[in-house]
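Undergrad: One structure coming up, written as structure tokens, with questions to follow.
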Amino acid sequence: MGFLGRKFALQPEIQAYFMDVANKFDLRRHIQFRTVVESSQWDEESGSWLSTLRDLSSNTTSSLRSKILVSAVGGLSIPKKCDLPGTLTFEGKLFHSAQWDHSFNWKGKNIVVLGNGCSATQFVPAISDGPGAARKVTQFAKQAHWLGETLNPEYSAAFKWMMRWVPLAMRLYRLSIYLEKEKDFRGFDTVSGAAYRADAQKEAIEYIRKNAPAKYRDFLVPKTEIGCKRGVKDTEYLASLHRSNVELVYDDPVEAIIPSGVRTRSGRVISADAIILATGFETQQVLAPMEIYGENGISVKEHWGHVSDGSPSAYFGTCLSGFPNFFIMMGPNTLSGHLSVIYTTECQVNFMMRVIRPIKQCLAAEKPKKADILRVKPDAEIQDIAQTQLKARQLVWASGCSSWFLDPETGRNSVMFPDYQYKFWLKSIFVTWKDVMYQKSA
């Protein structure tokens, strides 16, 4: 596949890229589709993981033993369920945006949208425009988000030719994007970043007021500190609010779902053919619904109760002491507020490949059998977690707003990496070998 067509690739291009990579590396033969991991248990005697799998097509279970266990389910994989009364009585379609019902045709239909985060601001413009538009889209929002202008023109044929054929051109372009985004981290420090945030906030307010309908402007300018919550790229969302078939409701929340639609606090009834949930994800339920049991049968949840007051945590956002040969991609404190999580995950993969090299050599019998088990030292994990939380408390994420970055039970930031991304990269390159130890299985 050639160079992508835009700076921010759209869904069809991303899916085509995934398919191209799968075909190029013949990945399908390594994948069990429609299969979930229900649990994994560390077996000390064999020094391996025993996982229980469920085939969703046949509803049968099976077991799989592996030397190394990697969770790559991500942090935004469990949609929040609708907790409004009457959900089961609704006679139309009801689904979360992350579980989109592709059998539903919204053309000419009445749609109710609950939520206004990153997901809603992408699909509301899409379903309300063009010849296939919905008849009416009524969106309910509890709070506003900081919206920023997103310039995303198509790359010219000449530019894509240069990226493909001019030596180092693509690398230099990628570096320029990285540097442009990396500098934004300076605004997250509560004290030293105040002036930077003030300028960014002023720019965002001007953009929102310039582009939003007058009747929504006061609501759409957030009352929270910019940077405290996840920023939202404006993908024609503000423009869509000018359409006659789009209504934003922010002062009359939904109290119940009824068979024909929704009923608001004021008693207003809005009929709907479909209700689309854009209500976010269970960000504090890392690894769920899987059950992972490490040494001595200790669960991950029990482990977190010992090392981080019950909040998700991990050494380098990747490893847990007492859980040998186990790695979490996009684990606790690995997300970025200013750069791409793909970059972070690449760093995690590089870290993992470095530390498992001795295990791979052992399994391939390239060297006499010495070590096939990797353990992170408990004191190293606790120290790394403490340093992460200390830095996180100095950043704007801890300034008092409600955010899915924070565990509501403990107040800990369990999601974001509190530093420049190049430092995360350096930690993946220069492994602190004293923090880990290798052992030979029985």
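The values are calculated or read from the model by the stated rules, or taken from the named source; none is laboratory data. Quick caveat, the model's predicted, so the values are computed rather than measured. Positions of Cβ are backbone-derived with ideal geometry, glycine not excepted, and every protein chain shown enters the neighbour counts.
Undergrad: With the requirement that a residue be of a type in the set (Val, Ile, Thr), buried (at least 23 other Cβ atoms within 10 Å of the Cβ) and more than 21 Å from the chain's Cα centre (by Cα), what does region 299-335 give you?
TA: none
Undergrad: In addition: Going by the structure shown, is SER321 outside the structural domain of ARG354 (by TED's automatic domain parsing), touching a strand residue (DSSP E or B) at 6+ places or on another chain (Cβ under 6 Å) and touching a residue at least 40 places away in the same chain (Cβ under 8 Å)?
TA: Judged against the criteria, SER321 is not a match.
Undergrad: Which one is nearest to GLY108 (Cα to Cα) among residues in region 234-259 that are buried (at least 16 other Cβ atoms within 10 Å of the Cβ) and hydroxyl-bearing (Ser, Thr, Tyr)?
TA: Among them, the one singled out is SER240.
Undergrad: Separate question: Going through region 239-293 one residue at a time, which ones are over 14 Å from LEU84 (Cα atoms), out of contact with any helix residue (DSSP H, G or I) (no Cβ under 6 Å at 6 or more places or on another chain), of a type outside the set (D, E, K, R) and not in a loop (DSSP other than H, G, I, E, B)?
TA: ALA239, VAL249, VAL269, ILE270, SER271, ALA274, PHE281, TYR293
Per-residue answers, yes or no, for (1) at pLDDT 95 or above; (2) surrounded by 14 or more Cβ atoms within 10 Å (Cβ to Cβ):
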{"residue": "VAL37", "(1), (2)": "yes, yes"}
{"residue": "GLU45", "(1), (2)": "no, no"}
{"residue": "ASN59", "(1), (2)": "yes, no"}
{"residue": "SER77", "(1), (2)": "no, yes"}
{"residue": "ASP83", "(1), (2)": "no, no"}
{"residue": "GLU91", "(1), (2)": "yes, no"}
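Undergrad: Restricting attention to helices (runs of 4 or more DSSP H) lying wholly within region 327-432, give those where 1 or more residues are within 29 Å of VAL191 (Cβ to Cβ).
TA: 341-355, 378-392, 421-429
Rundown of residues vs (1) farther than 26 Å from GLY148 by Cβ; (2) of a type outside the set (D, E, K, R), yes/no style:
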site: TYR343; (1), (2): no, yes
site: GLU346; (1), (2): no, no
site: CYS401; (1), (2): no, yes
site: THR410; (1), (2): yes, yes
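Undergrad: Give the residues of region 170-194 that are surrounded by 14 or more Cβ atoms within 10 Å (Cβ to Cβ) and either outside any helix (DSSP H, G or I) or without any contact (Cβ under 8 Å) to a residue 40 or more places away in the chain (or both), sorted by residue number.
TA: Answer for region 170-194, where residues must be surrounded by 14 or more Cβ atoms within 10 Å (Cβ to Cβ) and either outside any helix (DSSP H, G or I) or without any contact (Cβ under 8 Å) to a residue 40 or more places away in the chain (or both): TYR173, ARG186, ASP189, THR190, GLY193.
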